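Okay, so here's the structure we're looking at.
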Amino acid sequence: MRILIATDAWHPQVNGVVRTLTMMADAARKLGAEVSFLTPQSFRTVALPSYPDLRVALPNPAQISRLIAAAKPDNIHIATEGPIGFLVRRYCRKHGIPFTTSFHTRFPEYVSARFPIPESWVWAALRRFHARSGAVMAATPALADELRTRGFRNVVLWPRGVDAGLFHPRESDLGLPRPVFLSVGRVAVEKNLEAFLSLDLPGTKVVVGDGPARAQLEKQFPDAVFLGARHGEALAEAYAAADVFVFPSKTDTFGLVLLEALASGVPVAAFPVCGPNDVIGNAPVGVLSDDLQQACLSALQIPRTACRAFALRLTWEACARAFIDNVLRVRSEHDGNKAPLLPSDPHLAA
């Protein structure tokens, strides 16, 4: 089975979408799926307005057709609502090919934070984009319910996982006054980092990541430590050196960094919004409160062993299995037959 994933978000970008796609694809290959990607690396790109370090692909229909033909996919998944996603969607509709999509980013909130465009307009555009999808994949039940309420059809679940082999408790020290309150992610206005950095907390506030708001926030909060982007072992060491992971975003649809922190044995402090609510809920591995300062201080009392145990239940294999089943189900419905789904027990796959 060959699956082609079309995405406007790709390396060298560092975000949850790219990590989800690459980790899921690796796990899917172990389950027998041949996964390939159609990414901005195949096209000329330009810098995204207000995000100079992010580049947007400028594909044309002929290029898209040629690349899809070369991939010879059995199934097509469109991961993003960007230029590549739009042209692949157009190709599929023109040729009567079924496709699936996924909802990763709350573009209505992101756009309205920068431009005087009503959120309702952006939601309407997203509904049109996903309307012909055989399955709109959402990371959590709450997000799926919200999308249905907003008029999206064919919404299904696609849970996330975490690399517990890379992210795990270890002896790590940043050499900073403790407790260390850490936030990891893109340093941009929609991440609401100012709500974290303005808190009166003991010890040290640390930010790992880069983005357009970094220079301004470094000037505004000179007592905070900005370590820049980190990857692999360096990122895992930063997580393990923290005492509390702070997630101030109110717009993320999931927050993969939450799972990475928990796998590292680090409790979470966050607002009680979509994302943290779905990932953590009532589990005793974090504190969700509108009073973020109190959440940070209370999270210091949470055992690190509980956080690790919670994260170990969420694997990339389960994520890949759900993704493949969603794709196969759509193909089966289109072909009018029953394509076999993956066995729930990996030992039955053979």
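Take the residues in region 321-350 that are charged (D, E, K, R) and assigned to a loop (DSSP other than H, G, I, E, B); name whichever of them is modelled with the lowest pLDDT.
Taking the candidates together, the pick is ASP345.
Look at region 257-273 and say how many of its residues are of a type outside the set (Val, Ile, Thr), surrounded by 21 or more Cβ atoms within 10 Å (Cβ to Cβ) and either out of contact with any strand residue (DSSP E or B) (no Cβ under 8 Å at 6 or more places or on another chain) or part of a loop (DSSP other than H, G, I, E, B) (or both).
Residues in region 257-273 being of a type outside the set (Val, Ile, Thr), surrounded by 21 or more Cβ atoms within 10 Å (Cβ to Cβ) and either out of contact with any strand residue (DSSP E or B) (no Cβ under 8 Å at 6 or more places or on another chain) or part of a loop (DSSP other than H, G, I, E, B) (or both): 5 in total.
Please verify whether THR149 is in the same structural domain as MET24 (by TED's automatic domain parsing), more than 24 Å from VAL88 (Cα to Cα), touching a Cys at 6+ places or on another chain (Cβ under 9 Å) and of a type in the set (S, T, N, Q), treating the condition exactly as stated.
Here the answer is no, as THR149 does not meet what is asked.
In region 1-20, which residues are small (Gly, Ala, Ser) and within 13 Å of the chain's Cα centre (by Cα)?
Correct list: ALA9, GLY16.
Check off (1) at pLDDT below 95; (2) surrounded by fewer than 14 Cβ atoms within 10 Å (Cβ to Cβ); (3) in a loop (DSSP other than H, G, I, E, B) for TRP121 and give me the number that stays unchecked.
(3)
Can you tell me which residues in region 134-152 are closer than 19 Å to ASN75 by Cβ and free of Cβ contacts under 8 Å to residues at least 60 places away in the same chain?
VAL136
Hey, could you check region 18-42 for residues that are among the hydroxyl-bearing types (Ser, Thr, Tyr), touching a His at 6+ places or on another chain (Cβ under 9 Å) and assigned to a helix (DSSP H, G or I) and say which is surrounded by the most Cβ atoms within 10 Å (Cβ to Cβ)?
THR20
Return the residue satisfying two criteria in turn: it lies in region 271-312 and is among the small types (Gly, Ala, Ser) and closer than 23 Å to HIS231 by Cβ, and of such residues it is nearest to the chain's Cα centre (by Cα).
If we take residues in region 271-312 being among the small types (Gly, Ala, Ser) and closer than 23 Å to HIS231 by Cβ, then GLY275 is nearest to the chain's Cα centre (by Cα).
Within region 180-215, which residues are in a loop (DSSP other than H, G, I, E, B) and surrounded by fewer than 17 Cβ atoms within 10 Å (Cβ to Cβ)?
Within region 180-215, SER198, ASP200, PRO202, GLY203, PRO212 qualify.
Being crowded, with 17+ Cβ neighbours inside 10 Å and in a loop (DSSP other than H, G, I, E, B) is the filter here, so list the residues in region 216-228 that pass it.
PHE221, ALA224
Need at least 2 residues that are at pLDDT 95 or above and in contact with a strand residue (DSSP E or B) (Cβ under 9 Å, 6 or more places away or on another chain) per element, so show me which strands (runs of 3 or more DSSP E) inside region 43-107 make the cut, counting only ones lying wholly within it.
Of the strands (runs of 3 or more DSSP E) lying wholly inside region 43-107, those with at least 2 residues that are at pLDDT 95 or above and in contact with a strand residue (DSSP E or B) (Cβ under 9 Å, 6 or more places away or on another chain) span 75-78, 99-102.
Going through region 235-256 one residue at a time, which ones are farther than 15 Å from LEU193 by Cβ and in a loop (DSSP other than H, G, I, E, B)?
ALA241, ALA242, ASP243, THR253, PHE254
Of all residues in region 32-70, how many are touching a Pro at 6+ places or on another chain (Cβ under 8 Å) and either more than 15 Å from GLY85 (Cβ to Cβ) or outside the structural domain of PRO83 (by TED's automatic domain parsing) (or both)?
Matching residues across region 32-70 total 6.
Can you name the residue in region 173-186 that is touching a helix residue (DSSP H, G or I) at 6+ places or on another chain (Cβ under 8 Å) and at pLDDT 95 or above and, of all such residues, is farthest from PHE247 (Cα to Cα)?
LEU174
Kindly indicate which of PHE196, PHE247 is in contact (Cβ under 8 Å) with a residue 60 or more places away in the chain, in contact with a Gly (Cβ under 7 Å, 6 or more places away or on another chain), under 18 Å from SER298 (Cα atoms) and not charged (D, E, K, R).
PHE247
Which residue pairs have Cβ atoms closer than 8 Å, lie 6 or more positions apart in sequence or on different chains, and pair a first residue in region 205-229 that is without any contact (Cβ under 8 Å) to a residue 12 or more places away in the chain with a second residue that is assigned to a strand (DSSP E or B) and surrounded by 15 or more Cβ atoms within 10 Å (Cβ to Cβ)?
Within 8 Å, the pairs are GLU218/PHE226.
Would you check if there is a residue in region 156-165 being in contact with a Phe, Trp or Tyr (Cβ under 9 Å, 6 or more places away or on another chain), not charged (D, E, K, R) and not in a loop (DSSP other than H, G, I, E, B)?
No, every residue in region 156-165 fails to be in contact with a Phe, Trp or Tyr (Cβ under 9 Å, 6 or more places away or on another chain), not charged (D, E, K, R) and not in a loop (DSSP other than H, G, I, E, B).
Given the criterion in contact with a Phe, Trp or Tyr (Cβ under 9 Å, 6 or more places away or on another chain), surrounded by fewer than 22 Cβ atoms within 10 Å (Cβ to Cβ) and assigned to a helix (DSSP H, G or I), identify the matching residue among PHE129, PHE152.
Unique residue meeting the criteria: PHE129.
The values are calculated or read from the model by the stated rules, or taken from the named source; none is laboratory data. The structure displayed is predicted, hence computed values, not measured ones. We place every Cβ from the backbone using ideal geometry, glycine too, and count neighbours over all the protein chains shown.
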